[in-house]
Structure formats: structure tokens, C-alpha cells
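Comments concern the structure below.
The values are calculated or read from the model by the stated rules, or taken from the named source; none is laboratory data. Only a predicted model underlies this, so the values are computations on that prediction, with no experimental measurement involved. As a convention, Cβ positions derive from the backbone with ideal geometry for all residues, glycine included, and neighbour counts pool all protein chains shown.
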Amino acid sequence: MKYKGKNIEIIGSKTLFGKETHWIRILEDNSFAQVLSSDLDDDLNRNSNRGLAYVRYMAIAARIKEEMAQKRLLAPYESSLIPLPHQILVLEKVMQGIQTRFLLADEVGMGKTIEAGLVIKEKKLRGEITRILLIVPKSAMLQWQQELREHFNENFHIYNSGFISGMARTFAGFEAEEELNFWKQHHQIIVSTDALKPLSARQGWSQEKIDEYNKYRLEAVVNAEFDMVIIDEAHRMGGSTAQVSRYQLAETLCNAVPNVLLLTATPHRGKSDHFRRVLKLIDADAFPGDGMPSIEEIEPYVMRSEKRYAVDYDGKKLFQQRMTIRLDVPLDETYHRLQIDLYNHVTNYVRYCFGRAKRGNRNATGLVMVMMQKLASSSTAAILAAMETRLWRLQHGETDDDIDDYDEEGVVDFDDLDTNDFSVAMQDNGFFNEETALQKLIVEARTCLETEQDAKATALVRKIYKLQDKYNNSQLKVLVFTEFRKTQGYLKKILEGAGLTTVEIHGSMDLAERQQALVKFKNEANVMVATDAAGESLNMQFCHIVFNYDLPWNPMAIEQRIGRVDRIGQKFPVVAFNMLTNNTVDTRVYEIIVEKLDAILQELGIDKTNDVLDSTIDMKQVNHLYLQSLLDPHRFDFASDKWLFEIKSKLNDYKSTEGILPVFTGDDIKKESAGEIKYSPLPVWLEELMDLYTMSEKGKIVKRLSGVSEYAINGYRLEAVFEADKLGDNPGSEHLTLQHPVVKRILDEMDGNIQTMVPVIVSKNGGETCGYLTLWKVLAKNNYETKTTYSAQFITDAGRVFAPYGNDVWNRLVQEKNSFQYVGETECNLAIEENQALNNNLHALFHRMEAEIQNVLQARAEKKLKAWSYAENRLNRIGIENIRNAKLRKLTTEKEEWKSAFAKGLSVVPDVNHILTVRIDG
């Protein structure tokens, strides 16, 4: 039934002054209208004439809606991926909580982003949240935005520092009666931690300017009334004390917002005071005092999944073994003479200029020299480009050194590195001229580049071809990491010259360009040459061979590189090669921060290297260790032993607290939960629904071998896939789920069906009982809860009612394409309202749902009252008085209004809609 072309449901009728009128609900926008019967488009006869396709479309639509009505969770069915068993478990635990305030502490690589996305989607589908704020590290903002859009069709807007500053200037200039808050302009926002944290002081800023800065950040965010805040890498919020600005930011927000998810792989970091501060962000009252809390205290708030228990839908282990191999590349006096000399000469130049910069108190120049040394260890092409840049700056009088001129990717972290911490034993004879020295070195580097191929590049090509032979795979995928763009370009040229197809990825590429490069790597290229900045947001489980062509100082960065392929979905053991030439600076440091550190981890029996390194490595100390090797090698052994002693002490602290987190065990993680989703009939039913609806509307369908279905319905065209894993291979298609607008519209049309003519079908084997299959929608609802079920009732010609037989016929219409044949239509002459057995069956369904609603409401009332109490305690801890008082007043008003409305809305009202009647003629 339609009104002005829109699908409707008739909810009441009456005849007045000889005219029949109807109260209708327009399904498209849920609006109501009173219209004349003559204004309605009665397409009922057209429906019945669509034949068996129409009957099966109605049967499948009803079955899908029944399936939806009975699901405990809907989010897993609305994502473009199939969540894993441990991720389903997290979602279930979160949704069962009195309030959504949890710390998700899965090990690295277990998919905390996916878990957060599932919670967001589930709570939105239930109408519990609308406004969401994500606080993540700056480097992860694009990855979060991409994954939430790709997997959950949730669009988040990025508010970076530049955007916030620009909006603050704009909004500060408005003259409005009410304060304008640009944080209310979007419902779903991603912001970096540093862009949001408040300032207490800044050099050259007045207190007024600092207050204005904070006003448009933390204060404005608190007043923006977000329903949920999610903080990634939440351990960084713990701070060394409660006065650290990051902790104050997190504390204020977590007290002001009702739903909180904290994500971190390393919440405790071996320190009880730090861990308690993190836990207090969830519930300050639950964690008073000092010392490490017990597992019993933590368990209601913290969930952790570990790799050792992680399984897939079939119960198989998720993660492959991993092997890291040191690949030594000796510099031969015969074949690499120029490279050996160039490296030594550059090292002498770096030491001399570093010492001179120190004596002149020029820290920035000292850092440039350190960068030069790293570039020399990377490739001849990289150090040549850097020296040319340095010479040009000197010749043009640009004396203000900037490390960014030598580090295009911005990957080298020199925070807290002070050149005054080192002494260099170099004598200044007064005759050194840096421009002259650079000119000689540049000539030397150009000659080297033209005459010799870098030893590591030669070794890389040979090793790749050996690996192709070993795995008997000429299309073997190899991922090569470097820190520097010039080295990247050089490697691409060398590899392609050796007959290997390559693709590159770097930090200057936008997300779409990176995705295109990733697709090319997967489908065409042998080798991807990537920089660290580009690798952060891409997952490459289809590759299992990694080369670290040059090594970052931070061992955690090496872990992150390997983590691009050592992820869920990897089918082969991962092999990582760390390439080293026999120069003393890099090799010395590698032997300490990788090999000796690994030995300590093995000695202590700690295998969670991702978590541990992030918790224990202080990059300031690693930077100093590297410089000790470069500038003062005689004291390196002492410095490295001291560093290893301190690291071992930290690891012992970690070991002593290793068992303090509650962990999901193998018994907790049920593969059946994910299997239910993976093997759900919904995608099959949805595809059948679309096909049958298109056929009944006389549309066109084209099925491609790739799994894409093309539909043309009433002038509308759609390319669709129905299974999540098909989307990656068909990026131009739409993933049809229950919440897709087209699917929702088609399903809504079913609820608005009214029949005057009845389709007649017969069984092809002729063995059916004659009578009528009827489908019903039964609702039980009040102001807070609605329960729905769809039921099949078979009515014989003698008027007897059989629900089991009706359900059997319904199932066969859904599952079997050729069991029945359409033979025509007949008038609807069933006396349904007078059939007491039918009414009793439908009433029994309502009574069951009524009891379920009353139980749910009782639990909800208890949960809500506890949540009010928790909320009041949180708001009392907001340090900004005017915000605290305003929010408490609002909370009190909301609480009283809710209690009054809740008491008035407890009655459960029944509703029954007739969906379909089909005549079964034997």
C-alpha cells in the first residue's frame, strides 16, 4: 500500500459522511497522516500477480526481521568484517555492564580498534549514544578514521591542532547571545591527545592567552555533552603524577562523560601508582589508597585478551611463529673500498662538526650532525643528498639549522637530546673549513655512487632471489623498510634494475594513495619499499618477509615494522631480517638494544616483547647510547652495561606485576560466538531478498564471478556484495547489511503489506495439507522496551491451527527455491478474527514477551539507579566549579524526570499485524 508513492502502514480506519478515511504511518520518515481511501495506491493485486517471487520475498523478509528481533548483538552483523571470538566476548561483557566504563587491555595486535568500533556500533544501534569523542595519538588519527569508516560505516571528523586553532579564532570573533561551541558541530570527532591537553604555562604567553587557549579545548569539550569518550594508548594519560596535564585532561573528561573506554596494551607498566591513576579514570571511588590492586578489584573494569589464547572461528591459533635474523653484510676491501672510505670520512666530519657545535653551544647543529651519521649508515644516496643540502645552506648563509631539512619523514625523535651531555676528543687546528670539507665529501660520494653499488643493496637483491627459490614462489611478497626517502628511491631503482617489480609508500602520500599502493603490492609487485611514517596505518598480512634495511634506534620501532605483517590473518611464519654492515657505530648499538635485550627477555621468561618494550624503553637513554657509540666509543661499554642493568631492573618490575591483570582464558573465549556470525544465514538471505524483490518489481539482475550483484530497480542502480570478505576485492561496491538504506526500505515495505487477494501456490510433490499459511508480526511495547516476533500459523480449511506446520512451510519458502509453484490468486475469505485457536496462539506469544519486558525493566531500573549514583560521584570530582555545579543540577533534573516517566511507562501494550496470507492448494 502506498500514499503519494511512499510505502505506508494503515493503523486505523473509519467512515464519516459516506467517505472512508485511514490513519496511516509513512514508513520512510515514521510520520503520521489522515487520508481518504481514494488517495491510496492499492497495489495489492499487483503484488499478488508478481507470482512466487513476491511470496518468497515476503517470507524471507519476515524471516530476516525475526532473526534481527532475536539477536542479542547486532553490531557484528553490521560490520564489513567478521569479529573474532575474543572480540565478540569483549562486546558481550561491555554491553552487560551496569555502565560502559572499561579498560580494554588486549595485547598488541589483538584488534582493540575493532573492539571499540563494535561497541560504538552496538550502542548506536540501540540508541544509547550519539556523540562520540576519540582521543588518540597524532600518528594514529588517520588509521582510526579509516578503519571505523571501512569496517563500520561510521564517519568521524578529524580535529587536529591547526583546525582547532582556526576554529577558535573564528568562533572567538562571533558576537552571539549564547557562547558558541565548535565541538558541537560534529557528532563524531577524532582528536589527538596533544591538541587537546590544557596548558598551565607557555613561554611568552600571558595568563589571559593561556586561559583562552584552554577555553576552546578542554573546557569547550566538556561542555559539548559527548555521550562517549574513547582514549587510545591510555597508559600515556597516567603521567608521573596526578598533576601532569595529560592526566588532568583525561580525569576531567572521564568524570564528565558517562561512557568511557580506555585502550592500552600496557596499563600498569610495573608501577602501582601509575596503574591506580589509570583505573581511577574509570571509577575513582573503586580504587582508593596505594599499592597494586588485586585481580578481584580490577576484574569488573578491565578486560585483557592475550595472543596465546587467541583462536579463529574454527578454534585454530590466530598468530604464526616469528623469527628475527641478523643479516650481516661485510664491507669488502676489494669491492667496497670507496664505501668504507666514505663512511669513515663522513664519521670523522660528523665528530669534528659535532664537537665544534658543542663548543659554540649550537645544539641544533649538533643534532644535524647526528642525523648525517644516520644517513651515512643508510645509503650513499641518502648521505650525498644531505651533504648537498648542508653545503647549499652554508653557501647561502642559512645558519639556523633545522633537522626537518634532513628528515623528510619526521621519524627521528631527538626530544630531550642535549649535545652538552657528550665530549668529543677532537683538536681544532683552526684551518678546518666546512664548505671545503663538504665539497670533497660530495665528490667522493658521487664517485662512490657511480662506481659501486651499496653492499646492502647487493645483499638485499641476492637474498630476495634466494627466498624466491626457497619458497618456490616467483611472486613472493617482500616488505623492505627504510627511514629515509633518498634511500627508498635508490632501492627502488636498484631492485627494478635487478628485474623485481616494486611499489613505494611514504609519509607524503595521502591515505587513498597509500591504499592504491597497497593494492598494487598485493596484486602485482614483488617488493614494497616503505618508510616508517607510511607503514603505521597499513596492515599487510598477505606478506610474511620483512627486511629492515636500516635500523631505527628504538627497538619498539622495529617491533612496529614487523607488526605490519605479524597480525591476525597471517598464514605463514613471519621472518624478519635486520641488515647490518660491519661499521662499529650501528653494530655496537644493535648488539646492545636488540641482541642483549632479547637475551634478558628470554632469561626472565618474558615473551610479550611488544608490550614490554613500549613500557620500559626510554628513548632519551637510547639516543644517548647511540651518541656514546659515535662520539665517545671508549666509554660505550660502561654506558651500555649501565643501560642494560636499568632495563633488567624495569623488566623485573614488570615480571613481578605480570599476573595482576585479569585475562580471558581459553575457556572464556568461545569460538561458537564468532562462528554463529561467520556462518550466519543473513548474508545469503539478504542476497535472496534483493534478488526476489528485484524480480517481483520486474527489475534486472547481473551476477559477476567476483561476487558482485548488479541491480536495476525502478530506475535505481546498485552494485552490492553481501559478504564482508568480498568487499576488499571489490572496492567500488557497497556492502549490504541490515542497516543499509536500501535493505531497510525493502524490509519496511513488508510491514506495510495489506491483502485483499491471496496468492495460491502448490507443492511440486503434491503432498501438502490444504489451507492457509499466515505470517504475523506480534509486538509487546512500552515507553522503554519493544519486543517483536514474527510467527507462522497454518490454518486448515476446517479452521484448525497448526503453528509447527506453518513454521515448516515458512522455512521451505525461505530455503528452497523450487518446492512450490505459483498457480494464481483467490479472494481472502478467512474469518481470522473469529478463530479462537489463532488468537490464543498469538496471545501466548505476546504474554511471553510481556514477561521478558518486565524482567528487563526491573534490571534496567536497578542498573539506571546505580548509574545515576556513579555519575553523581564522577561529576563531584570535576575541578572546574561552574561546570561541576551546572552538570550536577542537570543530572538531578534528569534523574527526577526519568523516575517520574519510568513509573508512568511500565504498562506493556500489545500490537498484532497481519503480514501475509498464502493459499496452499495441496
**Request:** Would you mind listing the helices (runs of 4 or more DSSP H) fully within the range 565-671 where at least 1 residues are at pLDDT 80 or above and touching a helix residue (DSSP H, G or I) at 6+ places or on another chain (Cβ under 6 Å)?
**Result:** 584-590, 597-604, 619-631, 636-656
**Prompt:** Among all residue pairs at least 6 apart or on different chains, which show Cβ distances below 6 Å where the first residue, located in the range 757-770, is more than 16 Å from Asn811 (Cβ to Cβ) and the second is of a type in the set (Ser, Thr, Tyr) and part of a strand (DSSP E or B)?
**Reply:** Val758/Thr826; Val758/Thr917; Val760/Thr826
**Fill in**
Of the residues in the range 344-364, those that are surrounded by fewer than 21 Cβ atoms within 10 Å (Cβ to Cβ), modelled with pLDDT of 85 or more and not basic (Lys, Arg) come to Asn344, His345, Thr347, Asn348, Tyr352
**Message:** Given the condition polar (S, T, N, Q), over 23 Å from His345 (Cα atoms), modelled with pLDDT under 95 and not assigned by TED's automatic domain parsing to the domain that holds His345, answer yes or no: does some residue in the range 495-503 qualify?
**Reply:** no
**Complete:** Taking the range 762-798 and the residues there that are more than 30 Å from Glu897 (Cα to Cα) and among the basic types (Lys, Arg), the one that is surrounded by the fewest Cβ atoms within 10 Å (Cβ to Cβ) would be Lys764
**Asked** Can you tell me which of Asn835, Asn839, Asn818 is in contact (Cβ under 8 Å) with a residue 40 or more places away in the chain and either surrounded by 13 or more Cβ atoms within 10 Å (Cβ to Cβ) or touching a helix residue (DSSP H, G or I) at 6+ places or on another chain (Cβ under 7 Å) (or both)?
**Response** Asn835
**Request:** Being within 25 Å of Lys123 (Cα to Cα) and not aliphatic (A, V, I, L, M) is the filter; apply it to the range 204-234 and report the residue that is surrounded by the most Cβ atoms within 10 Å (Cβ to Cβ).
**Result:** Asp232
**Residue list for the range 72-121, filter: surrounded by fewer than 22 Cβ atoms within 10 Å (Cβ to Cβ), closer than 22 Å to Phe275 by Cα and among the acidic types (Asp, Glu)** = Glu107
**Asked** Looking at (1) surrounded by fewer than 20 Cβ atoms within 10 Å (Cβ to Cβ); (2) in contact with a helix residue (DSSP H, G or I) (Cβ under 8 Å, 6 or more places away or on another chain); (3) among the basic types (Lys, Arg), can you tell me which one Arg56 breaks?
**Response** (1)
**Prompt:** Just one of Val311, Val329 is modelled with pLDDT under 85 and of a type outside the set (S, T, N, Q); which is it?
**Reply:** Val311
**Asked** What number of residues within the range 384-400 are under 45 Å from the mean Cα position of the chain (by Cα), not acidic (Asp, Glu) and not in a helix (DSSP H, G or I)?
**Response** 1
**Complete:** The residue from Ile210, Ile190 that alone is touching a helix residue (DSSP H, G or I) at 6+ places or on another chain (Cβ under 6 Å) and either outside any helix (DSSP H, G or I) or modelled with pLDDT under 80 (or both) is Ile190
